[in-house]
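Asks: Would you mind keeping the following structure in view while I ask a few things?
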Amino acid sequence: MKLVAVSDTHGDHQILEDILTQQPEADAYLYAGDSEFAADDPIFNHYQAVRGNMDFDQGFPMTRTLDVAGLTIFLTHGHRFSVGFTLKLLIEAAAKAKAQVAIFGHTHQLGVEMHQGILVLNPGSISQPRGEFASLGGTYAVIEATDAQFTVTYYLRNGQPAPELTRRFGR
């Protein structure tokens with residue numbers, strides 16, 4: 001199973017269209033907020049999206065719990081879970097939702113870790129990256145899940161894998 005996670009485009013509509021072309025075989029496209037678009041924008045016919053702190057359309061939910069091929073995913077922007085300071089509240093919410101994957105944005109910094117059996121992932125900002133990997137010019141993440149493991153690969157705006165940014169986690 002293949003999931004594409006992207007966040008924090010901040011008005012960059014074209015990159016969301018490009019990602020659909022770059023990753024045509026995904027089982028789900030997940031958007032972790034801060035698009036600055038209307039919730040009824042046609043791009044969200046493809047992406048499951050949540051509301052970020054820069055999304056003012058009330059049509060976006062703050063969180064989503066999704067089942068994709070038997071995998072439960074908790075999706076949020078993260079600003080209401082204090083993700084800039086701790087992952088504790090996010091992990092608690094994901095555990096309460098019985099999720100195996102928690103996806104968030106907000107910090108504009110990519111990262112992936114396992115906590116309490118939950119894959120916790122920030123795809124980074126595709127349009128305004130920050131932190132250690134900002135020089136890559138923006139990233140999104142592809143999660144490939146099997147019964148035995150998660151493989152997370154970060155991709156650049158041009159659709160190429162980011163050098164040395166693939167991680168594997170047992171399930």
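Asks: If the requirement is being touching a Phe, Trp or Tyr at 6+ places or on another chain (Cβ under 6 Å), surrounded by 20 or more Cβ atoms within 10 Å (Cβ to Cβ), in contact (Cβ under 8 Å) with a residue 40 or more places away in the chain and hydrophobic (A, V, I, L, M, F, W, C), which of these qualifies: Ala49, Ala32, Ala28?
Replies: Of the residues listed, the single one that is touching a Phe, Trp or Tyr at 6+ places or on another chain (Cβ under 6 Å), surrounded by 20 or more Cβ atoms within 10 Å (Cβ to Cβ), in contact (Cβ under 8 Å) with a residue 40 or more places away in the chain and hydrophobic (A, V, I, L, M, F, W, C) is Ala32.
Asks: Of all strands (runs of 3 or more DSSP E) completely enclosed by the stretch 114-171, which ones contain at least 2 residues that are out of contact with any strand residue (DSSP E or B) (no Cβ under 7 Å at 6 or more places or on another chain)?
Replies: Details: elements: 118-122, 139-145, 149-156, 161-170.
Answer list for the stretch 114-171: 161-170.
Asks: Further question on the same structure: Name the single residue, out of those in the stretch 1-25 being in a loop (DSSP other than H, G, I, E, B) and in contact (Cβ under 8 Å) with a residue 12 or more places away in the chain, that is surrounded by the most Cβ atoms within 10 Å (Cβ to Cβ).
Replies: Applying the first criterion (in a loop (DSSP other than H, G, I, E, B)) to the stretch 1-25 yields 1, 8-12, 23-25.
Still in the list and also in contact (Cβ under 8 Å) with a residue 12 or more places away in the chain: 1, 8-12, 23, 25.
Values: Met1: 15, Asp8: 30, Thr9: 26, His10: 15, Gly11: 11, Asp12: 19, Gln23: 17, Glu25: 6.
The residue in question is Asp8.
Asks: What's the number of the only condition in (1) in a helix (DSSP H, G or I); (2) more than 18 Å from Ser127 (Cα to Cα); (3) polar (S, T, N, Q) that Gln48 fails to meet?
Replies: Of everything listed in (1) in a helix (DSSP H, G or I); (2) more than 18 Å from Ser127 (Cα to Cα); (3) polar (S, T, N, Q), Gln48 misses just condition (1).
Asks: Looking at the structure I just gave you, is Phe44 without any contact (Cβ under 8 Å) to a residue 60 or more places away in the chain and of a type in the set (Phe, Trp, Tyr)?
Replies: Yes: the conditions hold for Phe44.
Asks: A further question on this structure: Name the residues in the stretch 1-29 that are among the hydroxyl-bearing types (Ser, Thr, Tyr) and within 18 Å of Leu75 (Cβ to Cβ), would you? Walk me through how you get there before you give the answer.
Replies: So in the stretch 1-29, the residues among the hydroxyl-bearing types (Ser, Thr, Tyr) come out as 7, 9, 21, 29.
The answer is Ser7, Thr9, Tyr29.
Asks: Applying the selection to the stretch 52-95, what residues are touching a Leu at 6+ places or on another chain (Cβ under 7 Å), in contact (Cβ under 8 Å) with a residue 24 or more places away in the chain and assigned to a loop (DSSP other than H, G, I, E, B)?
Replies: Passing the criteria: Gly78, Val83.
Asks: Looking only at residues that are buried (at least 20 other Cβ atoms within 10 Å of the Cβ) and aromatic (Phe, Trp, Tyr) in the stretch 106-152, which one is nearest to Tyr29 (Cα to Cα)?
Replies: So the residue we want is Tyr140.
Here, each number is a calculation from the coordinates, and none is a lab measurement. Not measured: the values here are computed from a predicted model. Cβ sites come from the backbone with ideal geometry, for glycine too, and all protein chains shown count toward neighbours.
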